[in-house]
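The values are calculated or read from the model by the stated rules, or taken from the named source; none is laboratory data. A quick note: this is a predicted structure, and the numbers were derived from the prediction, not measured. Cβ sites come from the backbone with ideal geometry, for glycine too, and all protein chains shown count toward neighbours.
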Amino acid sequence: MSRKSAFSVGLLVLGAYILAAILSSFITPYSPTGLVGRPLDDPSEAHLLGTNDLGQDIFSRLLYGTRATLIIGLLGALLSVSVSTFVGLVSAYYGGGIDEVITRSVDVMMTIPTFPLLLVLTIFFAPSIFVISGLMGVLGGTQGIRIIRSQVLSLVEANFVYGAKAIGAGDLRIMTRHILPNVLPLATVKFVFAAQRYMLMGVGLGFLGLGDPSVVDWGQMISRAYYNGGFALGLWWWLIPPGIAVTLLSVALALLGYGLEEEIDPRLKRSAAI
Amino acid sequence: MNAEYLMRRVFYSLLAFMVSVTLTFVLLHLMPGDYLHSILPYLAEKNPDAARMFREQFGLNRSISEQYFLYMANVIRGNWGYSFLYGQPVLAIIGEKLRWTLVILFPSTVLSIIIGMAVGAYSGWKNGSKTDLSVLNFMIFVGAVPSYWWAMLFILIFGFHLNLFPLGGYVSIDALENGVCIFDVLRHAALPIAALTISSVPGTYYLMRNSTLQTTGEEYVLTARSKGLTEMEVLRHHALKNAMLPMVTVIALELAQMITGSVFVETIFSWPGLGLLTFEALRVRDLPLLQGIFLIDTLMVILANIAADFSYPLIDPRVKVGENV
């Protein structure tokens with residue numbers, strides 16, 4: 001698949017998921033938490049994917065679950081990219097003491113494994129999708145600081161920045177009007193890959209029992225199907241759909257990021273058919 | 001090797017370790033509810049004396065700062081406290097579980113490095129060809145599937161439907177009579193290792209592919225070609241060695257990701273390692289045990305980084321530690 005078609009396919013699938021998330025209440029007549037049928041019903045016309053052990057409609061849970069997963073992934077990614085862009089920009093632009101402190105702190109932070117820390121923090125703050133995405137954003141943000149910083153470092157020495165300084169532009173103006181637009185493409189690619197990672201992690205937390213108990217999410221669905229009989233009884237329509245849903249969304253985001261990469265690195269364009 | 005550089009690395013590692021000790025300590029102690037409350041919810045009201053004795057024994061009645069310094073001193077002395085859940089020294093439990101984690105972590109790391117490097121080198125070398133593109137697309141797909149889903153699919157297909165491997169655990173029930181047999185353990189370890197490997201291969205693959213791509217433009221490759229060597233010889237003797245250099249640091253960084261993966265894989269396969277222990281400790285809020293696990297995770301990552309730093313000059317004679325590193 002070429003980068004261009006990867007980009008279109010990724011965007012198309014992501015769009016479909018966003019539509020499903022927005023329109024889920026119109027697509028399915030059942031509430032995702034309501035007890036709407038006999039427990040463990042097989043797929044039928046009334047219940048497209050059957051019902052789970054509580055008699056909840058699996059198809060509507062699947063549709064509503066899109067919301068939590070998308071929010072966690074996109075919000076977490078937005079936060080982490082904002083953090084790393086802001087800190088990286090300030091660090092590289094001002095240099096000196098600030099840069100030294102930030103770089104050293106990042107060095108130290110990088111050696112601390114984030115996932116175990118995320119588990120503890122999630123328990124500590126009580127799991128809610130906004131808390132989880134906030135935590136992932138802040139913890140994951142440190143990883144990107146270096147990349148943004150090195151990009152900005154080369155921009156600070158650019159002629160147009162010297163030019164802007166010469167005509168008396170302030171630091172804030174230079175950073176937001178001259179440097180930021182040049183960092184944004186890189187930040188966008190980082191955003192897409194971060195969204196993929198956090199979305200998988202959010203579903204993973206749900207599976208480990210650290211999901212937001214007040215929302216329907218795929219991780220909790222998988223966990224429920226796995227531990228409450230969907231697996232042992234071979235009820236594939238209970239266990240498989242949420243897994244497929246996660247995987248497909250993750251593949252779509254990966255393709256999207258892969259397609260976007262070309263835009264920021266023109267060297268990739270030249271390298272033959274890719 | 002440069003002594004100053006070595007000292008600086010050790011100092012930063014020590015600092016990182018101290019920060020993680022502080023961080024986990026603060027966080028774990030700010031957690032809602034103390035241990036007494038979670039195992040014996042009404043003890044404090046029913047029997048204040050017993051509750052007081054309990055708190056004294058576990059040091060829960062002391063001030064936070066006192067507990068912190070006590071903990072710091074103990075960590076350095078190797079006394080990582082007692083687990084609430086198991087009632088045993090944390091370090092002893094971790095030591096035992098760490099062994100089991102390494103049983104699956106070590107083979108899957110080695111496998112993913114070998115597979116990732118071999119396929120990545122080939123793909124990068126044949127850059128732009130049909131093979132390269134289809135392998136790349138395949139790896140994007142493999143990398144996008146979460147580790148827990150691989151684990152579950154493996155159980156479902158190979159354990160449940162084909163009945164080739166056990167569904168979980170680390171030994172069969174007859175180990176009670178016959179003792180633990182190494183082949184039995186390996187049979188149980190096969191699926192967790194496969195799941196961990198498959199979810200970490202794409203990472204190694206991408207980097208190796210990029211690294212090989214870069215060497216194809218180098219002049220020594222051109223020289224080797226002009227000498228009339230076959231493509232395979234150029235790749236094996238000239239390009240590959242140079243492409244492998246950056247992988248050393250990457251492999252160290254990948255360890256943190258493997259630890260994450262092992263939490264899911266071990267939980268799903270009920271493999272008695274650190275990952276499953278993390279899950280159990282979280283559920284019952286076993287503070288000392290959790291602190292121990294975080295510390296050991298951090299230590300592993302730190303050690304891997306230092307090892308990478310110091311093995312680099314051994315592999316690449318052009319780099320001397322302390323000069324421009």
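Give the residue that is farthest from the other protein chains (Cβ to nearest Cβ), with candidates limited to residues of region A:95-141 that are among the aromatic types (Phe, Trp, Tyr) and without any contact (Cβ under 8 Å) to a residue 60 or more places away in the chain.
A:Phe130
Is it true that some residue in region B:238-250 is more than 13 Å from every other protein chain (Cβ to nearest Cβ), in a helix (DSSP H, G or I) and surrounded by fewer than 16 Cβ atoms within 10 Å (Cβ to Cβ)? Before the answer, list the steps.
First pass over region B:238-250, keeping only residues more than 13 Å from every other protein chain (Cβ to nearest Cβ): B:238-248, B:250.
Then drop every residue that is not in a helix (DSSP H, G or I), which leaves B:238-244, B:247-248, B:250.
Applying the additional criterion that residues be surrounded by fewer than 16 Cβ atoms within 10 Å (Cβ to Cβ) yields B:241.
Yes, some residue in region B:238-250 is more than 13 Å from every other protein chain (Cβ to nearest Cβ), in a helix (DSSP H, G or I) and surrounded by fewer than 16 Cβ atoms within 10 Å (Cβ to Cβ).
When you look at A:Ser31, is it in a helix (DSSP H, G or I) and hydroxyl-bearing (Ser, Thr, Tyr), yes or no?
For A:Ser31, the condition - in a helix (DSSP H, G or I) and hydroxyl-bearing (Ser, Thr, Tyr) - is not met.
Quick one: how many residues across region B:263-277 are crowded, with 24+ Cβ neighbours inside 10 Å, out of contact with any Asp or Glu (no Cβ under 8 Å at 6 or more places or on another chain) and more than 10 Å from chain A (Cβ to nearest Cβ)?
Qualifying residue count, region B:263-277: 5.
Return yes when B:Tyr220 is part of a helix (DSSP H, G or I), surrounded by 15 or more Cβ atoms within 10 Å (Cβ to Cβ) and among the aromatic types (Phe, Trp, Tyr) and no when it is not.
It is false that B:Tyr220 is part of a helix (DSSP H, G or I), surrounded by 15 or more Cβ atoms within 10 Å (Cβ to Cβ) and among the aromatic types (Phe, Trp, Tyr).
Can you confirm whether region A:98-116 contains a residue that is of a type in the set (Ser, Thr, Tyr), modelled with pLDDT of 85 or more and more than 24 Å from B:Val284 (Cα to Cα)? Lay out the reasoning, then the answer.
Narrowing region A:98-116 to residues of a type in the set (Ser, Thr, Tyr): A:103, A:105, A:111, A:114.
With the extra rule that they be modelled with pLDDT of 85 or more, the set shrinks to A:103, A:105.
From what is left, the residues that are more than 24 Å from B:Val284 (Cα to Cα) are A:103, A:105.
Within region A:98-116, one or more residues are of a type in the set (Ser, Thr, Tyr), modelled with pLDDT of 85 or more and more than 24 Å from B:Val284 (Cα to Cα).
Just to check your reading of the model, which residue among B:Ile93, B:Ile140 is hydrophobic (A, V, I, L, M, F, W, C), surrounded by 15 or more Cβ atoms within 10 Å (Cβ to Cβ) and either free of Cβ contacts under 8 Å to residues at least 40 places away in the same chain or touching a Ser or Thr at 6+ places or on another chain (Cβ under 9 Å) (or both)?
Criteria check complete, one pass: B:Ile93.
With respect to A:Leu248, is the statement that it is under 25 Å from the mean Cα position of the chain (by Cα) and within 26 Å of A:Ser128 (Cα to Cα) true?
For A:Leu248, the condition - under 25 Å from the mean Cα position of the chain (by Cα) and within 26 Å of A:Ser128 (Cα to Cα) - is met.
Out of B:Leu153, B:Leu167, B:Leu213, I need the residue that is assigned to a loop (DSSP other than H, G, I, E, B), within 11 Å of another protein chain (Cβ to nearest Cβ) and at pLDDT below 90. Which one?
B:Leu167
Can you pull out the residues in region A:232-247 that are surrounded by fewer than 21 Cβ atoms within 10 Å (Cβ to Cβ), farther than 18 Å from B:Gly159 by Cα and not hydrophobic (A, V, I, L, M, F, W, C)?
Correct list: A:Thr247 only.
Which ones in region B:285-295 are closer than 20 Å to A:Leu210 by Cα, in a helix (DSSP H, G or I) and within 11 Å of another protein chain (Cβ to nearest Cβ)?
B:Leu287, B:Leu290, B:Gln291, B:Ile293, B:Phe294
Within region B:168-189, track down each residue that is under 23 Å from B:Ser147 (Cβ atoms) and either touching a residue at least 60 places away in the same chain (Cβ under 8 Å) or crowded, with 17+ Cβ neighbours inside 10 Å (or both).
Across region B:168-189, the qualifying residues are B:Gly168, B:Gly169, B:Tyr170, B:Val185, B:His188, B:Ala189.
Considering only residues of region A:186-204 that are in contact with a Leu (Cβ under 8 Å, 6 or more places away or on another chain) and under 21 Å from A:Ile123 (Cβ atoms), which is surrounded by the fewest Cβ atoms within 10 Å (Cβ to Cβ)?
Restricting to residues being in contact with a Leu (Cβ under 8 Å, 6 or more places away or on another chain) and under 21 Å from A:Ile123 (Cβ atoms), the top hit is A:Met201.
When the residues of region A:250-274 are filtered to those that are modelled with pLDDT of 75 or more and at the interface with chain B (Cβ under 9 Å from one of its Cβ atoms), which remaining residue is surrounded by the most Cβ atoms within 10 Å (Cβ to Cβ)?
The qualifying residue surrounded by the most Cβ atoms within 10 Å (Cβ to Cβ) is A:Leu255.
In region B:1-47, what residues are at pLDDT 65 or above and outside any helix (DSSP H, G or I)?
Passing the criteria: B:Leu40, B:Pro41, B:Tyr42, B:Asn47.
Looking only at region A:202-230, how many residues end up being in contact with a Gly (Cβ under 8 Å, 6 or more places away or on another chain) and within 12 Å of another protein chain (Cβ to nearest Cβ)?
11
Table: residues versus (1) assigned to a loop (DSSP other than H, G, I, E, B); (2) within 29 Å of the chain's Cα centre (by Cα); (3) within 15 Å of A:Ala225 (Cα to Cα).
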| site | (1), (2), (3) |
| --- | --- |
| A:Leu19 | no, yes, no |
| A:Ser25 | no, yes, no |
| A:Leu35 | yes, no, no |
| A:Arg38 | yes, no, no |
| A:Asp42 | yes, no, yes |
| A:Phe59 | no, yes, yes |
| A:Leu62 | no, yes, yes |
| A:Thr69 | no, yes, no |
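Within region B:115-140, count every residue that is touching a helix residue (DSSP H, G or I) at 6+ places or on another chain (Cβ under 6 Å), assigned to a helix (DSSP H, G or I), farther than 11 Å from B:Tyr206 by Cα and within 14 Å of another protein chain (Cβ to nearest Cβ).
2
Of everything in region B:223-237 that's part of a helix (DSSP H, G or I) and β-branched (Val, Ile, Thr), which residue is farthest from the other protein chains (Cβ to nearest Cβ)?
Checked region B:223-237; the qualifying residue farthest from the other protein chains (Cβ to nearest Cβ) is B:Thr223.
Among the residues of region B:193-210, is there at least one that is hydrophobic (A, V, I, L, M, F, W, C), under 23 Å from B:Thr260 (Cα atoms) and not in a helix (DSSP H, G or I)?
First, pick out the residues of region B:193-210 that are hydrophobic (A, V, I, L, M, F, W, C): B:193-196, B:198, B:201, B:207-208.
When the remaining residues are screened for being under 23 Å from B:Thr260 (Cα atoms), the result is B:193-196, B:198, B:201, B:207-208.
Still in the running and not in a helix (DSSP H, G or I): none.
The answer is no; no qualifying residue exists.
Can you go through B:Ser226, B:Ser129, B:Ser123 and tell me which one is over 23 Å from B:Thr260 (Cβ atoms) and in contact with a Lys or Arg (Cβ under 6 Å, 6 or more places away or on another chain)?
B:Ser123
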